Number of protein chains: 2
Amino acid sequence: MPGKAKNILFIMCDQLRWDYLSCYGHPHLETPNIDALAARGVRFTRAYVQSPICGASRMSTYTGRYVQSHGAAWNGFPLKVGEMTLGDYLRPLGMRTALVGKTHMEADVEGMQRLGIDPQSIIGVRVSECGFEPYERDDGLHGMGPDGPRYSPRRPRYNSYLNDKGYAGENPWHDFANAAVGEGNSLASGWAMRHARKPARVAEEDSETPYMTRRGIDFMREAGDAPWCLHLSYIKPHWPYIAPKPYNDMYEPGDVIAAVRSEAERRDPHPVYRAFMDHRVSRTFSRDDVRREVIPVYMGLIKQIDDQMGVLFGWMREHGVFDNTLIVFTSDHGDYLGDHWLGDKDFFHDASVKVPLIIYDPSSVGDAARGSTCDELVEAIDLAPTFLAVAGGDPAAQSHRLEGRSLLPLLRGEKPEAWRPFAVSEYDYGMMPASAALGVRPRDARLFMVADKNWKLVHAIGFRSMLFDLKNDPDELRDRGTDPACAGELERLEHALKQWGLRVSQRTTRSEQQIDNARGKAERRGILIGVWDETDIPAELWKGYLPRT
Amino acid sequence: MPGKAKNILFIMCDQLRWDYLSCYGHPHLETPNIDALAARGVRFTRAYVQSPICGASRMSTYTGRYVQSHGAAWNGFPLKVGEMTLGDYLRPLGMRTALVGKTHMEADVEGMQRLGIDPQSIIGVRVSECGFEPYERDDGLHGMGPDGPRYSPRRPRYNSYLNDKGYAGENPWHDFANAAVGEGNSLASGWAMRHARKPARVAEEDSETPYMTRRGIDFMREAGDAPWCLHLSYIKPHWPYIAPKPYNDMYEPGDVIAAVRSEAERRDPHPVYRAFMDHRVSRTFSRDDVRREVIPVYMGLIKQIDDQMGVLFGWMREHGVFDNTLIVFTSDHGDYLGDHWLGDKDFFHDASVKVPLIIYDPSSVGDAARGSTCDELVEAIDLAPTFLAVAGGDPAAQSHRLEGRSLLPLLRGEKPEAWRPFAVSEYDYGMMPASAALGVRPRDARLFMVADKNWKLVHAIGFRSMLFDLKNDPDELRDRGTDPACAGELERLEHALKQWGLRVSQRTTRSEQQIDNARGKAERRGILIGVWDETDIPAELWKGYLPRT
């Protein structure tokens, strides 16, 4: 018997495509546990992230604001001190807000120093950890390159865990969880995709996904009865594409669906799109032999997540947490996997910018929509106001900060009037080889997507725009950006982008309501503008200016 | 013999129109001291403020950023914690940055509390005082209304000064400096403009402008040899329009130049313009009897400022400060004074949005331009990068924060290639009666100006745009917004506005240079994307992933 949501479990996968779940229609990948969540909740079919790259997408999700508004436009660009995050909204309402896993947060160390904030203080840690209490922070990529020992700020607890379990060395994350045994008993790094289908040198239970599931359960167990919001944030199925047994060979090349691409896309493409096609990862994933080797493992990693969802939801049911917790399952962006001759993410085809989004609301008022799909245009920035509403806050009163909208009405099967007509996403490619190849300066290396239900615009600063007819060309294979027949649609979306660019996003210290309440009140504090004669305004306003005895 | 600028004296008047100085062409108002500064410096003929209202204009000037970027869009909207201001740029370069007078800064108390910043700490005071050391803060308007005793945060030192000089009472700012003797020996408040030409009840030397001049001199005297930037910020000629003898009747109604307006402007005007015409101050200033009474005093207050500039510059010369100090003389916006059937400021005709800007650079490299005018489009946000350059910093390295450009090249008579083609200003009228009258919500109550040297666009969210042909209609009397003959110009400026709205303004934690330097470096920290085979990349990148012995 479902109750009202007291807690929030915000599950995020990394680089999980929207269409690699059976409930979203994948023909060969069965994800029964995630599907079961969808059967009890609402499955969104048009959920867009605010940027198809980890860091920027997540900073939008955690702040409820567009990338252009918060400015952390690429991986490793610090989120500036002062940007409010989930915890800033939920904590004052009595909701503990914690992290297990990845945020991709880079702290604004310079900003903290300028404002005298000690990074080790409670506030400093929150500023550094994107507003979360870092129950366990692990960004999941622990590189070992000539310029530095690793990627995340600290040696991950996961490495210590592996050491304790007998996996030796400084970086067992790589040497065991993300490497296999190669030719002649050599170490076959997962960073080389040719090893993808070899089994990782780790027992399944010690691999990253089950480990993080257990850490999430640890948190829930310790949290007790006080309300909480847990961000359980998995690194997988993000590369390195390598999986432990049995997931490494659970799928075969025959299970790989065909790449969504056409030769026409390579003939005279948009210059920025062409430059992205030239990236190494795009060239690699354009090879069918690569796709046949890598995608089965990508599928295996997703299957492992689904199995872990079974573990997680089972534990929650057993411990009475399932029916008083709002559960969100989503991803930070997709993965091209060779679609459109591209690899990784970074561009705006649905494979990259659209994500799965399933929300289970235990509240009985959600019964009307249980098991349904919602086709409205939703954005990742809608989660923060949704969570605020679940915690008992009023998202409308925060509309001067939160740019998304609460999804609660949609979760209840309501049809809010004037739901957003466009979804917007952004991409800053100043850090990519494409910007150098095109000779585009960082400040101009920016792309914008504006999509409604039928059309998608890709606006590139300094270049012509691309346009896709989603209704008649759902695979987005034909760029209509220069087609005179589509000029009207192009203009309509360009106009929407212009209005979006002119929105108010930084007036974060005054709400709509405060302005409405303050309008015209200056007179009552003695500021009298345009008064010719004392009789022009009520005598009351002059009282302070009468001679005092 | 001029030397190099070591200090910066940044003089700002409040509500001083660009054309009410003799060096800018006023036929009856002689301002020889300001003119003399112009004769030694550069006089800018197209200097625009970023918003024609005190608070927003100043926050842009002090941050070097557009209003849409910093968000403090109206008087009393706090500048958010984290926005960098002049002092944040100049202080690390060894330049003391202090305030005498007005900033209109409202502290972000809520933001400071969220970040644990004590408002009484040194950093807290800087955050609260817009980055300035408040040598003397006085916003110059001290209201006494039924809802509160006054406007500024603290009782001004000026009131204590007046008390000490024998002007009694709680608020001698009003009762003496801004009031006269009325009928039957009554107190005639300066807030009622019919009293404008009566002499204020204060000796000239005790009125606000000479007082602030002396306080500026106090600062310079105490500052000694270390470099400083002093913002000497006068409240006058801002209303209340009232002046002490002899300035109250130095000018006559016959000295008042005709209002720039036409009956055609009132026939079928743009709806937002019409709503602004309906404001009380506009109706009042549309009366010729009001203009004849008020404008002579407005001129007198300017004449007093000019006389005080003589005192100030004289002291600086005597004390060897004049020739090593960059001196800026400007205003935060203009005053309609009945032009275009409007009063106060708040809209985008030149009377409101264009300001005088005179800069004297003692450096010998400035000799080439001495006494010249500069017709380039400059913006108030150019001052912060100019000051940074004077202090020895590199504005280009701060272009991810500072949206203006250093004026030093223009001060040296250089012709920088690709100077800005458009000036942009903004106005948020959510706090004005017009927004209520039009039924426009605060988030939509916004106006944008885009001007080049020949045309000016006024874009109003939710309404059609206005357009002025500055070349053939320099008085801006004919709105060409609906004229098909001007459609091309309209479209061109609308496009410029769109590009402006899409600019990157919040990526303040990563500079252009940092991005250029970081591009492609992730591989050297072990993040290897799209690698199929170990031979695809240099062996060096694999070192961290080789088996360790």
Principal axis dimensions, largest first and in whole angstrom, of region A:259-351 by Cα
58, 26, 19
Kindly express, to the nearest 10 degrees and within the range 0 to 90, the angle between helix B:487-501's C-alpha long axis and the longest C-alpha principal axis of chain B.
60 degrees
Give the percent of DSSP beta bridges with both residues in the protein assembly as shown that are antiparallel, rounded to the nearest 5.
50 percent
R0 of 60 Å, Cβ-Cβ distance A:Arg91-B:Tyr161: FRET efficiency to nearest 0.05:
0.85
First measure r as the distance between the Cβ atoms of A:Arg287 and A:Lys453, then evaluate 1/(1 + (r/R0)^6) with R0 = 45 Å and state the FRET efficiency to the nearest 0.05.
0.85
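Starting from region A:418-458, pick out the chymotrypsin sites (Phe, Trp or Tyr not before Pro) whose DSSP state is loop and whose Cβ has at most 14 other Cβ atoms within 10 Å. Could you put the intermediate results ahead of the total?
Numbers: sites: A:Trp419, A:Phe422, A:Tyr427, A:Tyr429, A:Phe448, A:Trp455; in loops: A:Trp419, A:Phe422, A:Tyr429.
Taking region A:418-458 and a limit of 14 other Cβ atoms within 10 Å, the loop chymotrypsin sites (Phe, Trp or Tyr not before Pro) found are A:Trp419.
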Label B:Ala368 and A:Ser186 with points 7 Å out from Cα along Cα→Cβ: what is the distance between them in nm?
6.3 nm
Going Cα to Cα from A:Lys456, which lysines come in below 20 Å? Please leave out same-chain ones fewer than 8 positions away.
A:Lys345, A:Lys354, A:Lys471, A:Lys498, B:Lys498
Helix B:208-223 against the longest principal axis of chain B: what's the angle in degrees, Cα atoms only, rounded to the nearest 10?
40 degrees
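What does the accessible area per residue of chain A come to in Å², with a 1.4 Å probe and no ligands, DNA or RNA counted?
Ligands and nucleic acids excluded, the result is 33 Å² per residue.
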Rg [Å, one decimal], Dmax [Å, integer] - region B:17-91, C-alpha atoms
15.8, 46
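Looking at region A:366-443, which GluC sites (Glu not before Pro) are in a loop (DSSP not H, G, I, E or B) and have at most 11 other Cβ atoms within 10 Å? Spell out each step's value before the answer.
Numbers: sites: A:Glu376, A:Glu379, A:Glu403, A:Glu414, A:Glu417, A:Glu426; in loops: A:Glu376, A:Glu403, A:Glu414, A:Glu417.
Filter output for region A:366-443: A:Glu417.
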Rounded to the angstrom and largest first, Cα extents along the principal axes for region B:91-176 equal 42, 32, 17
With no solvent and one point on each alpha carbon, what is the Debye value of log10 I(q)/I(0) for chain A at q = 0.08, 0.12 Å⁻¹?
-0.54, -1.19
What percentages, rounded to whole numbers, describe P(r) for region A:200-269 computed over all alpha carbon pairs with 10 Å bin width beginning at zero?
15, 29, 23, 19, 10, 3, 0
Give the interface area between chains B and A as buried accessible surface, both sides summed, probe 1.4 Å, in Å² to the nearest 100.
9600 Å²
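Mind checking A:179-192 for the average number of partner chain beta-carbons within 10 Å of each residue's beta-carbon? Numbers along the way, then the final one.
Values: counts 2, 0, 0, 1, 0, 0, 1, 3, 5, 2, 8, 2, 12, 10.
Partner-chain Cβ atoms within 10 Å, mean over residues of A:179-192: 3.
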Just the Cα atoms of region A:1-130, one point each, no solvent: what log10 I(q)/I(0) does Debye give at q = 0.14 Å⁻¹?
-0.76
May I ask you to list the residues of region B:340-365 whose amide nitrogen lies under 19 Å from a point 7 Å from Cα along the Cα→beta-carbon direction of A:Arg519?
B:345-347
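On full extension of the chain, what length is gained from A:Asp533 through A:Ala168, given 0.36 nm per residue of separation minus the C-alpha to C-alpha distance?
Numbers: separation 365, 0.36 × 365 = 131.40 nm, distance 8.69 nm.
Computed gain between A:Asp533 and A:Ala168 is 122.7 nm.
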How many angstrom lie between the Cα centre of region B:274-327 and the Cα centre of region B:100-146?
26 Å
Under the 7 Å Cα-to-Cβ spin-label approximation, B:Ile123 and B:Arg266 lie apart by a distance in nanometres of 5.7 nm
Per-copy distances of the A:His319 label point, shortest first, in nm (7 angstrom along Cα→Cβ)
7.0
Heavy-atom accessible surface of region A:405-549: percent carbon and sulfur, 1.4 Å:
54 percent
Radius of gyration and Dmax over the Cα atoms of the protein assembly as shown, both given in Å:
31.9, 110
Taking the label point 7 Å from Cα in the Cβ direction, how far apart in nm is A:Glu205 from each other copy of itself, listed shortest first?
9.2
Residues of region B:410-445 with amide N under 19 Å of a point placed 7 Å along Cα→Cβ from A:Ala396
B:436, B:439-445
Two pseudo-spin positions, 7 Å from Cα along C-beta at B:Arg412 and at B:Leu546, lie apart in nanometres by 5.2 nm
Spin-label zone in region B:477-498 - amide nitrogen under 12 Å from a point set 7 Å from the Cα of B:Asp19 along the C-beta vector
B:477
CD proxy, 222 nm, the protein assembly as shown: helix-only mean residue ellipticity via -39,500 (n - 2.57) per DSSP H run with n ≥ 4, per residue, nearest 500, stands at -8000 deg cm²/dmol
Taking the 0 to 90 degree range and rounding to the nearest ten, how far is the long axis of helix B:288-318 tilted relative to the main principal axis of chain B, both from C-alpha atoms?
60 degrees
Inter-copy label distances at A:Leu470 (7 Å, Cα→Cβ; nm, one decimal)
4.1
How big is the Kirkwood radius of region A:475-549, worked out from every pair of different alpha carbons and given in Å to one decimal?
18.1 Å
Could you give log10 I(q)/I(0) at q = 0.20 Å⁻¹ for region A:283-440, computed by the Debye formula over C-alpha point scatterers of equal weight, without solvent?
-1.32
Averaged over A:60-71, number of beta-carbon atoms from partner chains that fall within 10 Å
2
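Only four residue types carry charge here, +1 at the Cβ of Lys and Arg and -1 at the Cβ of Asp and Glu. Report the dipole size of the protein assembly as shown about the Cα centre in Debye, rounded to the nearest 20. Before the final figure, lay out the partial values.
Working: 136 positive and 154 negative charges, 155 e Å.
Computed charge dipole of the protein assembly as shown: roughly 740 debye.
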Two-decimal Rg/Rh across region A:177-307, once Rg and the Kirkwood Rh are taken from alpha-carbon atoms
1.09
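Taking 45 Å as R0, compute the FRET efficiency from the Cβ-Cβ separation of B:His28 and B:Thr482 and round it to 0.05. Write out the running numbers ahead of the final one.
Details: r = 37 Å, r/R0 = 0.83.
It comes out at approximately 0.75.
For region B:253-300, compute Rg over Rh where Rg is the Cα radius of gyration and Rh is the Kirkwood radius from the inverse mean 1/r over Cα pairs. Provide the component values of the computation, followed by the final result.
Numbers: Rg = 12.3 Å, Rh = 11.9 Å.
Looking at region B:253-300, the ratio lands at 1.03.
The values are calculated or read from the model by the stated rules, or taken from the named source; none is laboratory data. Owing to the predicted nature of the structure, the values given are computational and were not obtained by experimental measurement. Glycine also receives a Cβ, built like all others from the backbone with ideal geometry; neighbour counts cover every protein chain displayed. Keep in mind that these areas ignore ligands, DNA and RNA; they rest on the heavy atoms of the full protein, side chains included. Shrake-Rupley method; radii C 1.70, N 1.55, O 1.52, S 1.80 Å.
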